[in-house]
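The values are calculated or read from the model by the stated rules, or taken from the named source; none is laboratory data. Here the structure is a predicted model, which means the values were calculated and not measured. With ideal geometry, Cβ positions are generated from the backbone for all residues, glycine too; neighbour counts draw on all protein chains shown.
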Amino acid sequence: MIPALAAPPHTHAAIFCGDGQCAETAGLGLRMQDAGAIVTDRFKVMRLKGETTEVKKVGARAAEQITNYLDQPHWAPDTLRSLFRDATLERRPSLLCSYFVARIYSDIDTHIFDGREALKTTIEQIQRSPKFQDITPKTTWWDRASPQLLLQSDFATLSSLAAMRIQSMYIDLVPFFESRNIAVPLNWMEILVFLAETEDKSLKQNLDQETVALMRKHKYLDFSKQSERWSILPFEVYLDDRCRRSLSDAEIAGELRSLKQHLTTLEQTLVHHQDNHRVFSAEFAESKLETFRLLETDATQNCQICARLIELSKARIAALESRATPVAAHS
């Protein structure tokens with residue numbers, strides 16, 4: 001889940017390109033959209049420090065670079081691996097949100113963090129970059145859609161629930177570091193990196209025990225069961241209902257388009273979960289820590305759930321394609 005890989009409270013990054021437009025990479029790939037369509041109660045706006053003409057030119061050049069990346073796919077693999085110091089990454093043209101932002105600036109020789117390649121730049125590092133300043137209090141724009149108007153009742157997704165539980169675990173782990181006069185890692189994922197990379201065996205064992213206890217206390221490992229209940233079962237009910245209906249050619253075509261778009265996202269998500277599984281599996285094989293064993297098991301279950309959704313989607317697509325009326329070719 002993406003909130004687990006980023007630093008709460010911010011889990012996404014985009015670039016404002018002027019004329020009310022922003023560029024972001026998510027889902028099916030890099031896209032441009034109206035900045036006023038961003039639906040969130042919490043955001044942070046940053047820009048390069050300084051008010052000089054040269055600084056403004058750098059910002060304009062960064063925005064111009066975006067056209068070079070339009071239509072490139074979203075980058076899911078290696079998200080987690082990028083956080084571990086000794087991990088190696090494949091070099092790909094496709095993009096992750098924070099990598100996209102860092103890559104745009106590195107293309108014009110402005111590195112968000114000197115000495116750190118764009119490929120390994122995280123959202124947390126963008127927020128802490130000494131080259132940028134927070135201008136959120138001075139930033140205003142007209143919202144096209146208000147969360148309060150869209151959500152008239154309590155609303156929660158698995159991702160938002162995961163983010164809240166992860167933040168709770170992080171808060172509960174802060175005293176572990178403070179009581180030992182150790183600099184507190186900035187977020188949950190950096191705690192896992194610390195756990196993997198610290199050479200103090202006693203400290204590693206104690207942190208492992210504390211982390212496992214908190215994962216169980218906050219029921220973090222229950223998400224796989226919730227995912228099955230919230231995704232597979234409703235999808236099966238939906239497909240069963242659709243199979244019983246007599247659909248027009250237009251309805252079949254519309255459902256096929258929707259299913260194929262979602263199938264692309266599901267396949268990318270599966271690659272993401274498989275990559276997470278490889279990371280946690282490697283860490284458990286190296287350290288034999290219970291924390292990484294549990295995370296490996298959780299990643300396995302996420303892969304199985306995603307694979308089942310893909311299987312159901314492909315079966316429905318095949319069934320719809322067999323029912324679609326062939327379109328005759330015209331000269």
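Please work out which one of (1) in contact (Cβ under 8 Å) with a residue 40 or more places away in the chain; (2) out of contact with any Leu (no Cβ under 6 Å at 6 or more places or on another chain); (3) crowded, with 19+ Cβ neighbours inside 10 Å is the condition residue 309 fails and give its number.
(2)
In this structure, does residue 214 turn out to be without any contact (Cβ under 8 Å) to a residue 60 or more places away in the chain, in contact with a Phe, Trp or Tyr (Cβ under 9 Å, 6 or more places away or on another chain) and buried (at least 18 other Cβ atoms within 10 Å of the Cβ)?
On the way: without any contact (Cβ under 8 Å) to a residue 60 or more places away in the chain: yes; in contact with a Phe, Trp or Tyr (Cβ under 9 Å, 6 or more places away or on another chain): yes; buried (at least 18 other Cβ atoms within 10 Å of the Cβ): yes.
In short, yes.
Any residue in the stretch 164-181 that's within 23 Å of residue 222 (Cβ to Cβ): show its pairings with residues that are hydroxyl-bearing (Ser, Thr, Tyr) at Cβ separation under 8 Å, as long as the two are six or more apart or on different chains.
Note: pairs meeting the criteria are 165/220; 166/220; 169/211; 169/220; 173/211.
Would you be able to tell me the number of residues in the stretch 171-222 that are in contact with a Leu (Cβ under 6 Å, 6 or more places away or on another chain) and farther than 24 Å from residue 300 by Cβ?
Result for the stretch 171-222: 1.
Can you go through 155, 113 and tell me which one is surrounded by 13 or more Cβ atoms within 10 Å (Cβ to Cβ), part of a loop (DSSP other than H, G, I, E, B) and modelled with pLDDT under 80?
Answer to the selection: 113.
Looking at the stretch 223-248 only, could you name the residues that are over 13 Å from residue 301 (Cβ atoms), surrounded by 12 or more Cβ atoms within 10 Å (Cβ to Cβ) and in contact (Cβ under 8 Å) with a residue 40 or more places away in the chain?
Residues of the stretch 223-248 that are over 13 Å from residue 301 (Cβ atoms), as a first pass: 230, 233-248.
Right, trim to surrounded by 12 or more Cβ atoms within 10 Å (Cβ to Cβ) and you get 230, 235-236, 238-239, 242, 247.
Matches in the stretch 223-248: 230, 235, 236, 239, 242, 247.
What do you reckon, is residue 168 modelled with pLDDT under 80, farther than 21 Å from residue 44 by Cα and out of contact with any Asp or Glu (no Cβ under 6 Å at 6 or more places or on another chain)?
Working: modelled with pLDDT under 80: no; farther than 21 Å from residue 44 by Cα: yes; out of contact with any Asp or Glu (no Cβ under 6 Å at 6 or more places or on another chain): yes.
Criteria not met by residue 168.
Can you pull out every residue in the stretch 267-289 that is assigned to a helix (DSSP H, G or I), crowded, with 20+ Cβ neighbours inside 10 Å and aliphatic (A, V, I, L, M)?
Across the stretch 267-289, the qualifying residue is only 279.
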